[in-house]
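The values are calculated or read from the model by the stated rules, or taken from the named source; none is laboratory data. Note that the structure is predicted; figures quoted are calculated from it, not measured. Cβ atoms come from the backbone with ideal geometry, glycine included; neighbour counts cover every protein chain shown. In case anyone asks, the SASA skips ligands and DNA or RNA and just uses the protein heavy atoms, side chains included. Shrake-Rupley method; radii C 1.70, N 1.55, O 1.52, S 1.80 Å.
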Amino acid sequence: MGFRVRTVRDLGEYRAALGSIGHYFGWIPSEEDAERFARLLPLERMHAVVEDGEIVAGAGVFPFELTIPGGRVPCAGVTVVGVLPSHRRRGLLRRLMEAQLAEMQARGEPVAALWASEETIYGRFGYGLASLTLMLQAERRAGLRATLPPREGRVRLIGQEEALATLPPLYERVRRSTPGFLSRSREWWELRLLDDRPERRRGAGPLNRAVVELDGRPAGYALYRIAQEGSGLDWRKTVRVVEALGVDARATREAWRFLFEIDWTDRVEYWHLPVDHPLLLLSGRLNLLRGTVADALWVRLVDVPAALAARAGRAAGRATIEVVSDPLVPGNVGAWTVEDGGVRRSRRRPDVRLSVQALGSAYLGAFSVHALAAAELAEEGARGGLDRGDALLRSTVAPWCPEIF
């Protein structure tokens, strides 16, 4: 009978598609699990591979809006991608990727993004590493440097309902200007960020919600849990930060001051800082932050001219980018000139030549065109072309996606 790729038809098929990735985590989605997940990822965005009436693979898409340097674009957040081990090496992942891309094109989503479970997988489907994350396992005594201003404002621990009312507007203020941030619905806050069911705690205590107030108004927040291990002289407590941010430098400083000054704790852990976060300079002892850099968002330009047009408003002068290859969308291949806020297919000599994967790596500004050229992922096509490419694609801040999806 062969394989058929289609969207799921009901909640039962939805559960089975989720189970394709759940298999690798020892997770069999319950009906309640599927109902909760469907509030964030609708059934029509879940693809499945069907063989003889059985679902053997699945892949879904969260409908997001992604902040990019200078604006925001509709973005397909690819997630829960899995093929059962009994059906590996049969091309099913490629077929899922093709089906997703066709739907993204039909919906007018010029960009797709994902967190890669294995960083070697998605390049062959056109995704490029587009941001990095700084993971901290800091000793509490790293603290903030002594020369900082004294404590300002106040920090309050708040309940769930106040958090739902207070935190999303603060996140939105930061999202407007931070490449890599994704839109969040109220359901996303309820079912993801502020969900405190026991299975979400991973051995730690309940979720704590702290709001930073400056000049009498909310200006930042920290979500965290406290985990403990050992006993007696080996008893250690860790502040596991779920998310922490401030709308400005003062609020950011006070949020992190609060986290490092929680009594009876030994470490502060956080997995989702940008590589240029102020904490690196706020800390009094950088080496005690114990930072590790890892891959974060991977980006795929589904519609190259539309994606470049979203960035064209920040372009200085004119730049011509030649996409020399795209493994799944041949229409993206060719030269594209960005000028006067628009994009057109061009016969001009390109300033930069690169693959769609490399263009994805440059799109949020994590990697300059010069850096891509140094890694032999791009080449200059005309004198000064790398500079013109950088003028188009640079970002003044490192992209930051504060949550795995």
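Brief remarks follow.
- Amide H contacts under 5 Å for L245, placed H, 5+ residues apart: Y221
- In Å², nearest 10: area of W400 left accessible to a 1.4 Å probe: 20 Å²
- Surface accessible to a 1.4 Å probe, T238 within the full protein complex, Å²: 10 Å²
- Two-decimal log10 I(q)/I(0) for the chain, as the Debye equation yields it once each C-alpha is a single scatterer, q = 0.08, 0.11, 0.12 Å⁻¹: -0.48, -0.89, -1.04
- Segment 26-162, relative contact order in percent, only Cα pairs under 8 angstrom and at least six apart counted: 16 percent
- Per-atom-type breakdown for segment 100-196 gives carbon and sulfur 49% of the accessible area (1.4 Å probe, protein chains only).
- Helix-only mean residue ellipticity at 222 nm for the chain, each DSSP H run of n ≥ 4 adding -39500 (n - 2.57), per residue, nearest 500: -7500 deg cm²/dmol
- Under a Gaussian network description of the chain, with springs only between Cα atoms under 10 Å, the residue in I226, I158, I55 that fluctuates furthest is I158.
- Å² per residue, accessible surface of the chain at 1.4 Å: 45 Å²
- Of the chymotrypsin sites (Phe, Trp or Tyr not before Pro) found in segment 239-300, the ones in coil according to DSSP and having at most 11 other Cβ atoms within 10 Å of their Cβ are W264.
- Net dipole in debye of segment 154-224 [+1 Lys, Arg Cβ; -1 Asp, Glu Cβ; about Cα centre; nearest 20]: 220 debye
- Comparing A362, A244, A371 in a Gaussian network model of the chain where C-alpha atoms under 10 Å apart are linked, the largest mean-square fluctuation is found at A371.
- Projecting the Cα atoms of F260, H272, A227 onto the charge dipole of segment 190-307, computed from C-beta unit charges around the Cα centre, puts A227 farthest toward the positive end.
- Membrane-span-like helices in the chain (whole DSSP H runs, Cα extent of at least 24 Å along the helix axis, mean Kyte-Doolittle hydropathy of at least 0.5): none found.
- Centre-to-centre separation between the Cα atoms of segment 138-152 and those of segment 1-66: 46 Å.
- In segment 229-271, the GluC sites (Glu not before Pro) that fall in loop regions by DSSP, at most 15 other Cβ within 10 Å: E261
- Share of carbon and sulfur in the accessible heavy-atom surface of segment 268-405 [1.4 Å probe, %]: 50 percent
- Dipole check for the chain: with +1 at the C-beta of Lys and Arg, -1 at the C-beta of Asp and Glu, and the Cα centre as origin, the magnitude is about 720 Debye.
- The loop-placed trypsin sites (Lys or Arg not before Pro) in segment 289-373, going by DSSP, that have at most 10 neighbouring Cβ atoms within 10 Å of their Cβ come out as R347.
- Comparing Cα centroids, segment 276-351 and segment 167-245 end up 30 angstrom apart.
- Here the Gaussian network model covers the chain, with springs between Cα atoms less than 10 Å apart; of T178, T147, T265, T147 fluctuates the most.
- Using C-alpha pairs below 8 Å separated by at least 6 residues, the relative contact order for the chain is 19 percent.
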